[in-house]
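Peer 1: One structure, as structure tokens, below. Some questions next.
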């Protein structure tokens, strides 16, 4: 394995299928790319079945929290 390039996508303003298709996401969901998506629910149907979600937050006691979880495929 060689180096992996992290690519960030902020999907918040994506409103149409055409906008998502124009991004050619399939090209960036394979090595050497790692695609990090903000607002993944906006493009859920374009994401692969196995995805990792990194949740960043702040707990009530003001500690920063990080949770990594794998999501199973969405039944459709």
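The values are calculated or read from the model by the stated rules, or taken from the named source; none is laboratory data. All figures in this text were calculated on a predicted structure; none of them were measured in a lab. Positions of Cβ are backbone-derived with ideal geometry, glycine not excepted, and every protein chain shown enters the neighbour counts.
Peer 1: Of everything in the stretch 1-20, what is out of contact with any strand residue (DSSP E or B) (no Cβ under 8 Å at 6 or more places or on another chain) and within 17 Å of residue 39 (Cβ to Cβ)? Give them in sequence order.
Peer 2: Hits for the stretch 1-20 are 13, 14, 15, 16, 17, 19, 20.
Peer 1: Let me ask something additional. If I ask for residues that are in contact (Cβ under 8 Å) with a residue 24 or more places away in the chain and in a helix (DSSP H, G or I), which ones from the stretch 7-20 would you list?
Peer 2: Of everything in the stretch 7-20, just one residue is in contact (Cβ under 8 Å) with a residue 24 or more places away in the chain and in a helix (DSSP H, G or I), namely 20.
To keep it simple, each residue is scored yes or no on (1) modelled with pLDDT under 90; (2) surrounded by 10 or more Cβ atoms within 10 Å (Cβ to Cβ).
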site	(1), (2)
1	yes, no
10	no, yes
13	no, no
16	no, no
19	no, yes
35	yes, yes
47	yes, yes
52	yes, yes
56	no, no
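Peer 1: How many of the residues in the stretch 25-53 are farther than 15 Å from residue 70 by Cβ and assigned to a helix (DSSP H, G or I)?
Peer 2: The qualifying residues number 9.
Peer 1: Scan the stretch 40-53 residue by residue and report those that are under 22 Å from residue 4 (Cα atoms) and either in contact (Cβ under 8 Å) with a residue 40 or more places away in the chain or touching a strand residue (DSSP E or B) at 6+ places or on another chain (Cβ under 8 Å) (or both).
Peer 2: 40, 47, 50, 51, 52, 53 - these are the residues of the stretch 40-53 that are under 22 Å from residue 4 (Cα atoms) and either in contact (Cβ under 8 Å) with a residue 40 or more places away in the chain or touching a strand residue (DSSP E or B) at 6+ places or on another chain (Cβ under 8 Å) (or both).
Peer 1: Quick test of your reading of the structure: residue 62 fulfils all but one of (1) modelled with pLDDT of 90 or more; (2) part of a loop (DSSP other than H, G, I, E, B); (3) surrounded by 10 or more Cβ atoms within 10 Å (Cβ to Cβ). Name the failing condition by number.
Peer 2: (3)
Peer 1: Quick test of your reading of the structure: residue 39 fulfils all but one of (1) at pLDDT below 90; (2) at positive phi. Name the failing condition by number.
Peer 2: Just one mismatch for residue 39, condition (1).
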